[in-house]
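So the structure is just underneath, and the comments pick up after that.
Derivation of every value follows stated rules applied to the coordinates shown; laboratory data play no part. All figures in this text were calculated on a predicted structure; none of them were measured in a lab. Virtual Cβ from ideal backbone geometry, glycine too; neighbours counted across all protein chains shown.
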Amino acid sequence: MSERKAGAVDAALAATADVEGWMTEGQGRRLFAAAARCPDGGRIVEIGSFRGRSTIVLARAAPPGAEVVAIDPHAGNDRGPQELRGYSAAAADDRLAFERNLARAGVTERVRHVAALSTAAHDAVAGPIDVLYVDGAHRYGPAREDLRDWGRRVSDGGTLLIHDAFSSIGVTLAIGRELVAGRRFRYVGRTRSLAEYRADLSSQRRVANAARQLAQLPWFARNIALKVFLTAGGRRILERLGRTPPEWPY
């Protein structure tokens, strides 16, 4: 990586330092690299923006002529772990924080926000997608719809990124249904729970591609066990013992 590009990545991550969210530094670097590969005049679509942490990285990395679309209704659902309903007041705060954070990072003009559920947003995005980042609803049904319906729109050779892959049960089941034995997306790798795929899978590599994804299942099982432990009070137990609890597996 050139010094100039490395500096751009560092600057993008620095711009997100005070933005709430679940994207780690390593995941931010993977997102930046994917967005930077988008062709000039191409399109980057993000499903699930929350307060703009990942949006800022994608917008900072995108070529000047690329369109960056952020789809998020900010309706209060699936804001984070264990938060499935309600939070309407918090959702309004999320929308304000999203706009404020993009403005502070200087990317407001680079991002087109579509305030709608992903299932209702197709008509708001015209044409193929070069980079698709999915971090929307984590329940199986909505996650599968995002991977299936938006995934179809990824151009040949394009990139699909999925957050909470092999960590969230719903997202992982959706990956199993749509991608493990799929015919189009090649599993590239992951940074913790951020998985990357490319739309260039050959028929000769389908079995190996499925095997590489299935090899992530022990890590998935570890994450589920950790979530159960933390949810059941393990965090408090460790704190009382003077030990630092592990963070939620993102």
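Odds and ends about this structure:
- Legend: calculated FRET efficiency, Ser202 to Arg100, from the Cβ-Cβ distance at R0 = 45 Å, rounded to 0.05, equals 0.50.
- Our summary gives the chain a relative contact order of 15 percent, counting only alpha carbon pairs under 8 angstrom and 6 or more residues apart.
- Secondary structure note: in the chain, about 35% of the DSSP beta bridges are antiparallel.
- Ranked list, fewest to most other Cβ atoms within 10 Å of each Cβ, for Leu201, Leu96, Leu58: Leu96, Leu201, Leu58
- For the chain, built as a Gaussian network whose Cα springs stay under 10 Å, the top-fluctuating residue of Ser167, Ser49, Ser203: Ser203
- Just checking the listed ones, Ile175, Ile56, Ile224: in the Gaussian network model of the chain with Cα springs under 10 Å, the one fluctuating most is Ile224.
- Residue with peak Gaussian network fluctuation, the chain [Cα springs, cutoff 10 Å], from Leu214, Leu117, Leu147: Leu214
- The range 138-180 versus the range 1-64: alpha-carbon centroid distance in Å: 20
- Where trypsin sites (Lys or Arg not before Pro) in DSSP loops with at most 13 other Cβ within 10 Å are excluded, longest remaining stretch of the chain: 86-182
- Order of Ser193, Ser202 under a 10 Å beta carbon neighbour criterion, fewest first: Ser202, Ser193
- Computed from point charges on the beta carbon alone (+1 for Lys and Arg, -1 for Asp and Glu), the dipole magnitude for the chain about its Cα centre is near 860 Debye.
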